[in-house]
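Structure record follows, encoded as structure tokens.
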Amino acid sequence: ERLTLSQSFRSTAPVLEFVNAVIETIGPENFGISEAIEDHYSVKPEVGIVELLAPVAAGAVVDDSAANDNNDDEESWISDEKRLLAAKLADHAKALIDERPWLASQGRYLEPGDIMFLLRSRGELASLLVAQLHERGVPVAGIDRLRLAQPLVVQDLLAVIRFVLQPQDDLSLACILVSPIIGWTQEQLLEFGYRGNRRVSLWQHLREQEAIASDIAPLRQVLDKADYVTVYDFLEDILSGPIGARRKFVARLGTEALVPIEEMLNTALQFQQQQGGGLQSFLGWFDSGDIEIKREGVGSANEVRVMTVHGAKGLQAPLVILADTTSDLSKKPDRSAELLIDDGKRVPLLPIRTSEQSGRLLEVVERQERREMQEHRRLLYVAMTRAEERLIMGGSLGVSRRGEAPADSWYLALERGMTALGCVWENDARWGKVMRH
């Protein structure tokens, strides 16, 4: 007997009606499926809403209060449209949490833990979303995967190790001073750290100033212990000892700082068990690797999740927000390909230049692009079907797009799906225009 997976125990009828419309407009063959795809149907209540938000385009007026647009801002190097998108999505999520709409599929009101942000890839938008949500007081779990060396808390702990190994390292010392460990402002660093024409290190200069003796006392403590403790004990003493750095990090960066802290401690413990050696050996070992950590979801944590679609496979949420549906697949950095030879083996190829694309090499490029587009669309299917009851979709457009989404982006497929359901653009105070089903 042939069975299908058309019956859904996850999503409500309005969400699945939209999924069916998108599949129909794209066509089964563009998912890599040779036969018709049966319509999905739900066993859940006939309640739900799908919203397509007008993309935030480059050149849009940026509201300082919404996006903190400041030329001196530490995020000013990120494009305006991405910062404004992150700010608007964070406002949208905060408004929904404050509204507490009723979730028929759950039989209760919406909570922060019911919201999941999904992105095609981890990048600056993911970090922006976490920062914007945190700034609005929304409990957020942080990005699902990250490089251990990336979080600020890890960089600050590494700066302490670099300082105790080389106290004349002015940059590492300056980073520690303005980190939560010491807690100086940039103005204090300039006031007490400026040396004029004196050719002494920053550490020598600071030690001579009685007014800040209590401020730099923690630095004397870590220098005293550096030669006599293991890496793990050294870090743990900074975090849990008299300095109390763990509490200070959480106060400034939020509870999401605890994940990289614990992973840093686990890494230090693993190093000293397997490698031995002191701080210098650990620093060389750490800098030579590229450790990736995965944040496991805590069932009891009532926090907004920010994840990639790949990382969300098998998961679900009452409210899913697809944040980067306007991404351009053609701008992916990896242009590698592979050649299939007669005995079924695959031979990896370097990127094939346009001038070389002829004969079998052209077939290789076309087959690779076709497979990638099919996977691109299957990933969209995964993203849409993570939503139980509410699905929100948006994105941003850079200057080069001139207000139009890329031809192969998810956004155009989503818009065609909404149009097929008879939806039209409606005016909206936050987004300008919204389609709703």
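Numerical summary
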| quantity | calculated |
| --- | --- |
| Solvent-accessible area per residue, Å², over the chain with all protein chains present [probe radius 1.4 Å] | 51 |
| Pairwise centroid distance, computed over Cα atoms, of segment 247-289 with segment 346-404, Å | 37 |
| Segment 317-420: translational diffusion in µm²/s, Stokes-Einstein, Kirkwood Rh over Cα pairs, 10 °C, 1.306 mPa s | 99 |
| Highest average packing first - 232-243, 202-213, Cβ atoms within 10 Å | 232-243, 202-213 |
| Heavy-atom accessible area order for Glu35, Glu1, largest first, 1.4 Å probe | Glu1, Glu35 |
| Fraction of beta bridges assigned by DSSP in the chain that are antiparallel (%, nearest 5) | 40 |
| Rounded Å value of the spacing that divides the Cα centres of segment 157-179 and segment 95-146 | 35 |
| Which listed pairs, of Lys248/Lys433; Lys82/Lys313; Lys82/Lys345; Lys313/Lys433, have C-alpha distances above 32 Å, in listed order | Lys248/Lys433; Lys82/Lys345 |
| Computed over the chain: relative contact order in percent, which uses C-alpha pairs under 8 Å that are six or more apart | 29 |
| Calculated P(r) of segment 9-53 - Cα pairs past 15 Å, % | 48 |
| Max mean-square fluctuation residue, GNM over the chain, Cα-Cα springs under 10 Å, options Glu38, Glu356, Glu338 | Glu356 |
| Among Ala413, Ala405, Ala217: highest mean-square fluctuation, GNM of the chain, C-alpha pairs under 10 Å | Ala217 |
| Computed label-point distance, nm, for sites Tyr109 and Asp343 using a 7 Å Cα→Cβ extension | 6.8 |
| With every protein chain in place, the chain: carbon and sulfur % of accessible area (1.4 Å) | 49 |
| Whole-number percent relative contact order across segment 381-437, with pairs defined as alpha carbons under 8 Å at least 6 apart | 18 |
| Ranked packing of 314-324, 340-350, most packed first, by mean Cβ within 10 Å | 314-324, 340-350 |
| Unit Cα scatterers, Debye sum, segment 104-220: log10 I(q)/I(0) for q = 0.12, 0.21 Å⁻¹ | -0.62, -1.14 |
| Segment Val229-Glu356, extension gain: residue separation times 0.36 nm, minus the distance between their alpha carbons | 39.8 nm |
| Segments 430-437, 132-139 sorted - mean Cβ within 10 Å per residue, highest first | 132-139, 430-437 |
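The values are calculated or read from the model by the stated rules, or taken from the named source; none is laboratory data. Here the structure is a predicted model, which is why all the values come from computation and not from measurement. All Cβ positions, glycine included, derive from the backbone under ideal geometry; neighbour counts span all protein chains shown. Ligands, DNA and RNA are excluded from the accessible area calculation, which covers all protein heavy atoms including side chains. Shrake-Rupley method; radii C 1.70, N 1.55, O 1.52, S 1.80 Å.
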